[in-house]
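The values are calculated or read from the model by the stated rules, or taken from the named source; none is laboratory data. Predicted model, so just to flag it, every value in this text is computed and none were measured. Virtual Cβ from ideal backbone geometry, glycine too; neighbours counted across all protein chains shown.
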Amino acid sequence: MSITVGFIGFGEVGAIFSAAVSAGGAEVAAYDVVEEKVTAGGAIYRPLAELVESADYVLSTVTTSAATSAARSCLPYLRQSQSYVDLNSTSPSVKLELAALIEPTGAHFVEGAILGAVGVTGAGTRILIGGRSGPEAAETLTRIGLRAAFYSAEIGKASRFKMLRSIFSKGLEALLLELLIAGERAGIAKDLWEDVAEFMARNPFDRVGRNWLRSHAVAYDRRYHEMVQVAETMREIGVDPVMTAATEAFFKRSRTLGLDRAFPAKPASMEEVVAFMEHALHGAQRPAAEE
C-alpha cells in the first residue's frame with residue numbers, strides 16, 4: 001500500500017529524509033514557511049492545510065523552538081488514522097505537551113529522537129521511536145527508507161535518551177573546539193588534531209572509554225592537578241578555558257567522594273565507578289523506596 005508522507009520544515013533533515021523516503025516508494029510533499037527552500041531542494045511544495053490533510057504520516061522537522069507552534073498549526077487539519085511524528089530535538093516535557101495537543105484530534109502522536117548528525121550519516125541516521133503506535137510507525141518509516149527503531153511506548157523516554165546522549169555529542173563538540181582554538185593560538189592545532197585523530201582511529205572507543213572511567217577511581221587526584229596546570233597554560237596563551245575549567249571542577253569534586261576508600265586498586269569495570277559516584281552524589285537524597 002502506498003504511503004503519503006508530508007514534511008513540515010525543509011532544512012537539512014527534511015531535505016535528506018524526504019529524498020530517502022521518496023526513493024523508498026512513498027509519495028512525498030513538504031511545507032516550509034520559505035516556499036523556495038522546498039522547490040529549490042527538488043521536492044513538491046504544498047500549503048500546510050493541503051499537506052496535513054493528505055498525509056498518512058506528518059513528519060515535523062522544524063527548529064526546536066518552533067516544534068510546538070508547528071504542531072498547533074496542524075491541529076485543524078489532522079484526523080484519525082494519521083500519525084504525527086515529531087522529529088525535533090525537544091525535551092521529554094515538550095514531547096508530552098505535543099502529545100497532549102495532537103491526540104485529541106484522533107491522530108497518533110509519535111515521538112522521534114534522531115541520534116547523530118544527519119549531515120554526515122544521511123538517511124542512515126538512527127531514529128528512536130516512542131509512543132503507543134510506535135512499533136507500527138518504526139516499521140513503516142524503516143520500510144520507506146529511514147532507519148527507525150521502536151524504543152518505548154512511554155512518550156518522553158526516547159527524547160530523554162537523546163537529551164542525555166547530547167551530553168557526549170555536544171560536549172565533545174565544544175571540547176574539540178576548545179582544544180583547537182587553544183592549539184591555533186599556540187600554533188600547533190594541526191599537530192594536536194592529527195595526534196587525537198590517530199589515537200582514536202587506532203584504539204576502539206569502547207576500550208578507551210571504559211579504561212578512562214575505570215582509572216578515574218584511582219587517578220582522579222593526579223588528573224585534577226594536571227587540569228589545574230592545563231587551565232593555567234591556556235590562560236597564559238590568552239584562551240578562556242571554559243570546558244577545561246569544568247573538567248578541573250569535575251575532578252576536584254571527585255576528591256570529595258571517597259573514591260580512594262572505595263577503590264584501593266583499579267576496579268574491574270566502569271559500571272562500579274559510575275554506580276559509586278551516582279550514589280555518592282545523589283543517593284542520600286533518594287526516597288527510601290528507591291534504595
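Counting only helices (runs of 4 or more DSSP H) that fall entirely inside the stretch 181-258 and contain at least 3 residues that are of a type in the set (Gly, Ala, Ser), out of contact with any Cys (no Cβ under 9 Å at 6 or more places or on another chain) and in the same structural domain as residue 279 (by TED's automatic domain parsing), the qualifying elements are 205-236, 242-254. The condition of being at negative phi, surrounded by 13 or more Cβ atoms within 10 Å (Cβ to Cβ) and touching a Phe, Trp or Tyr at 6+ places or on another chain (Cβ under 9 Å) does not hold for residue 175.
Which residue out of 43, 49, 66, 29 is more than 24 Å from residue 152 (Cα to Cα) and either in a loop (DSSP other than H, G, I, E, B) or not assigned by TED's automatic domain parsing to the domain that holds residue 9 (or both)?
The conditions single out 43.
Against the criterion of being at pLDDT 95 or above and either assigned by TED's automatic domain parsing to the domain that holds residue 148 or not aromatic (Phe, Trp, Tyr) (or both), residue 9 qualifies.
Listed here are the residues, each with its yes/no results for (1) surrounded by fewer than 16 Cβ atoms within 10 Å (Cβ to Cβ); (2) hydroxyl-bearing (Ser, Thr, Tyr); (3) assigned by TED's automatic domain parsing to the domain that holds residue 86.
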| residue | (1), (2), (3) |
| --- | --- |
| 102 | no, no, yes |
| 106 | yes, no, yes |
| 111 | no, no, yes |
| 131 | no, no, yes |
| 140 | no, yes, yes |
| 144 | no, no, yes |
| 171 | yes, no, no |
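There is at least one residue in the stretch 158-169 that is small (Gly, Ala, Ser), in contact with a Leu (Cβ under 8 Å, 6 or more places away or on another chain) and farther than 20 Å from residue 227 by Cβ.
The single condition among (1) free of Cβ contacts under 8 Å to residues at least 60 places away in the same chain; (2) crowded, with 20+ Cβ neighbours inside 10 Å that residue 90 does not satisfy is (1).
Considering the conditions (1) at pLDDT 95 or above; (2) surrounded by 15 or more Cβ atoms within 10 Å (Cβ to Cβ), residue 37 is excluded by exactly one of them, (1).
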